[in-house]
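Asker: Before we start, here is the structure in question, set down as structure tokens.
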Amino acid sequence: MAKTHEELIGRAEIDDLEAILSVTNTDVDEAIHAVEDNAAAIFTWDYEKGAKPKLNRLYEKAKHSMWDGEKDLAWETEVDQEAVVMANAMQMGGLGYGMDLSGTCFEKWTEKEWIELGCESQNWTLSQFMHGEQGALLCTAKIVETVPWIDAKYYASTQVMDEARHVEVFAKYLDTKLSGHYPINAHLKLLLDDIIADGRWDMTYLGMQIMVEGLALAAFGFIHQLTTEPLLKQLLRYVMSDEARHVAFGVLSLQDYYTELTQAELRERQEFAFEAAVRMRDRFLQQEVWDRMGLPVKEAVEIVQMSPERPVFQQMLFSKIVPNCKKLGLLDAGDGWLRERFGELGVIQFEDWADTGEEYEAFALAEGDRRSA
Ligand SMILES: [Fe+2]
Ligand SMILES: [Fe+2]
């Protein structure tokens, strides 16, 4: 039975803004959040190292690519957040992006509010990155337990360490260089909960390694290119060198496995990928920021979506996910259901961009980049 949009994403229309914004995080004061992970821990007695040569190569590479979040980054850099917001805005063509805002909730805004928005927006973005990184930490710890191949367990264990480092450096940057934290966005939380709760080991990979990390790699790349702040640039460069390996781990692991699945099983993977894509798109509306700025959220979101660079930015986020789904055979499996859905989301044009199966070499840090080496 084909599932409806209602069953998959909780609404009939993908772009139903009212429905998207009605999903909010109600547990903003909780200190911990428990999710049942529904999976058996798998021992394997087949210890033959290199039975999966590509995963083995990735593991060997990862061992020598560890960096130190405390020592390798230039934490002594002074960050003037407001100055950074101004400099970034200048790159994009000025505060308010030269849109005609008369008659809108932004009409009376002065430079002060635009700078405040820039700071809040950055606090929000890096907070969500930090929460997403913790999601990756838990997911890869789970993969160590649930994946049946020894080469994958070895590799995943290195990724657990990488993700700990990522959470650590984003948290430190937020605490020492920015001006406030945000709780996890409700759409991101729904997605991470779904990924953790699914007991099938390959779903952890699909949700985290392919979808969340694919998007993260694109988003980090975008901000890395854009930001004028040298410490954040460096931090993202280091994180990206790891993330490129992580996405490769997903592609290399799932490629073989998916050839063994039935059409019905593949369809479930397609539906999961679609659901994840929609949740990630929803989270980028940064509804909590508008709320904190005291603006009518729906109106603010509608206006920002009309800004010239917004659609380009949103679509760029899918520039890794779509080619990777294609490489895994998910786009066209069955009747090409996922191809149609990505068409609906307006991101299918990325299908022939570089996939991330081998691209990680290009992201590697150069010898001598690390101060702690
Ligand atoms: Fe990460
Ligand atoms: Fe990662």
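Asker: Using a simple spin-label model with points 7 Å from Cα along the Cα→Cβ vector, what separation in nm is obtained for Ala51 and Asp175?
Answerer: 4.2 nm
Asker: Let me ask something else. With the radius of gyration and the Kirkwood radius both derived from the Cα set of the stretch 101-161, what is their ratio Rg to Rh?
Answerer: Values: Rg = 20.9 Å, Rh = 14.8 Å.
Reported Rg/Rh, Kirkwood definition of Rh: 1.42.
Asker: Under 5 Å between amide hydrogens, which residues at least 5 positions from Asn25 or on another chain qualify, with H placed 1.01 Å from N in the peptide plane?
Answerer: Ala186
Asker: Below 8 Å between Cα atoms, with a sequence gap of 6+, how large is the relative contact order for the chain in percent?
Answerer: Numbers: 435 pairs, mean separation 85.7, N = 373.
Reported relative contact order: 23 percent.
Asker: If you don't mind, there's one more thing I want to ask. Considering only Val322, Val84, Val28, give the residue with the highest GNM mean-square fluctuation for the chain, with springs between Cα atoms whenever their separation is below 10 Å.
Answerer: Top of the fluctuation ranking is Val28.
Asker: Of the options Pro148, Thr77, Phe106, report the single residue whose Cα projects farthest towards the positive end of the charge dipole of the stretch 69-168 (beta-carbon charges: Lys, Arg +1; Asp, Glu -1).
Answerer: Pro148
Asker: Same structure again: Using a/c under 1.5 as the rounded threshold, could you call the stretch 1-158 rounded, prolate or oblate? The axes a ≥ b ≥ c are square roots of the C-alpha gyration tensor eigenvalues, and prolate needs a/b larger than b/c, oblate otherwise. Can you show the working numbers first?
Answerer: Working: a/c = 2.69, a/b = 1.54, b/c = 1.75.
Judged from the Cα gyration tensor, the stretch 1-158 comes out oblate (a/c at least 1.5, b/c at or above a/b).
Asker: For the stretch 101-109, just list the computed ³J(HN,Hα) in residue order, Karplus coefficients 6.51, -1.76 and 1.60, θ = phi - 60°, integers in Hz, with x standing in for Gly and Pro.
Answerer: 10, 5, x, 10, 5, 9, 3, 8, 5
Asker: How far apart, in nanometres, would the label points at Ala40 and Val28 be if each is projected 7 angstrom from Cα along the Cα-to-Cβ direction?
Answerer: 4.4 nm
Asker: Round to the nearest 10 and give me the degree value, 0 to 90, for the angle of helix 81-91's Cα axis relative to the longest principal axis of the chain.
Answerer: 90 degrees
Asker: To continue, here is another question. For the chain, modelled as a Gaussian network with Cα springs under 10 Å, which listed residue fluctuates most, Val312, Val278, Val167?
Answerer: Val312
Asker: Also: Taking every pair of alpha-carbon atoms in the stretch 155-214, give the share separated by more than 17 Å as a whole percent.
Answerer: Numbers: 967 of 1770 pairs.
More than 17 Å apart: 55 percent of the Cα pairs in the stretch 155-214.
Asker: Quote the charge dipole size of the stretch 219-339 about the Cα centre in Debye, to the nearest 20; the model charges only the Cβ of Lys and Arg (+1) and of Asp and Glu (-1). Walk me through the numbers before you get to the answer.
Answerer: Working: 15 positive and 17 negative charges, 72 e Å.
Here the stretch 219-339 has a charge dipole of around 340 debye.
Asker: How high is the FRET efficiency from Ala83 to Lys108, r the C-beta distance, R0 25 Å, rounded to 0.05?
Answerer: Numbers: r = 24 Å, r/R0 = 0.96.
For R0 = 25 Å, the calculated efficiency reads 0.55.
Asker: If Rh is defined by the Kirkwood formula over all Cα pairs and Rg also comes from Cα, what ratio Rg/Rh do you get for the stretch 165-254? Don't skip to the end; give the middle numbers.
Answerer: Working: Rg = 14.5 Å, Rh = 14.4 Å.
Here the Rg-to-Rh quotient is 1.00.
Asker: Figure the gain on full extension for Glu299 and Asp193 (residue separation times 0.36 nm, minus the Cα-Cα span) and round it to one decimal in nm. Can you show the working numbers first?
Answerer: Details: separation 106, 0.36 × 106 = 38.16 nm, distance 2.91 nm.
Length gained, Glu299 through Asp193: 35.2 nm.
Asker: Between Leu261 and residues 5 or more places away or on another chain, which pairs have amide H atoms under 5 Å apart, with H built 1.01 Å from N, and which residues are they?
Answerer: none
Asker: Let me ask something additional. Compare the peptides 21-27, 267-273 by average per-residue count of other Cβ atoms within 10 angstrom and give them in order, highest first.
Answerer: Per-residue mean Cβ counts within 10 Å order the peptides as 267-273, 21-27.
Asker: If you don't mind, there's one more thing I want to ask. Residue separation times 0.36 nm, minus the C-alpha to C-alpha distance between Leu365 and Glu309: what's the value? Don't skip to the end; give the middle numbers.
Answerer: Working: separation 56, 0.36 × 56 = 20.16 nm, distance 3.01 nm.
Result: 17.2 nm gained on full extension.
Asker: Given labels modelled 7 Å from the Cα in the Cβ direction, how far is it in nm from His224 to Glu145?
Answerer: 3.2 nm
Asker: In addition: Based on Cβ point charges of +1 for Lys and Arg and -1 for Asp and Glu, what charge dipole magnitude is obtained for the chain about its Cα centre, in debye rounded to the nearest 20?
Answerer: Details: 36 positive and 66 negative charges, 176 e Å.
Charge dipole of the chain: 840 debye, to the nearest 20.
Asker: From the residues Ile184, Met203, Tyr173, which one has its Cα farthest along the dipole of the stretch 168-223 in the positive direction, the dipole being from +1 and -1 charges on Cβ of Lys/Arg and Asp/Glu about the Cα centre?
Answerer: Tyr173
Asker: So, one more: Quantify how much of the Cα-Cα distance distribution of the chain extends past 34 Å, in percent.
Answerer: Values: 18346 of 69378 pairs.
Cα-Cα pairs in the chain separated by more than 34 Å: 26 percent.
Asker: Could I ask something else about it? Among Glu302, Glu133, Glu229, which one moves the most in a GNM of the chain with springs linking Cα atoms closer than 10 Å?
Answerer: Maximum among the listed residues: Glu302.
Asker: Can you give the FRET efficiency for Gln263 and Ala19, using 1/(1 + (r/R0)^6), R0 = 30 Å, r = Cβ-Cβ distance, to the nearest 0.05?
Answerer: On the way: r = 31 Å, r/R0 = 1.02.
Efficiency at R0 = 30 Å is approximately 0.45.
Asker: By per-residue mean of other Cβ atoms within 10 Å, what is the highest-first order of 36-42, 327-333?
Answerer: Working: 36-42: 12.3, 327-333: 20.1.
Going from most to least packed, we get 327-333, 36-42.
Asker: If you average the sequence gap of Cα pairs under 8 Å that are 6 or more apart and divide by the length of the stretch 107-243, what percent do you get for the contact order? Could you put the intermediate results ahead of the total?
Answerer: Working: 105 pairs, mean separation 36.5, N = 137.
So the answer I get is 27 percent.
Asker: Name the long-range amide H neighbours of Leu345: under 5 Å, sequence gap of 5 or more, or other chain; modelled H, no Pro or chain starts.
Answerer: Hits under the 5 Å cutoff: none.
We did not get these values from a lab; they are worked out from the coordinates using the rules stated. No experiment lies behind these values; they were computed from the predicted model shown. Because the Cβ atoms are built from the backbone with ideal geometry, glycine has one as well, and the counts that use them run over all protein chains shown.
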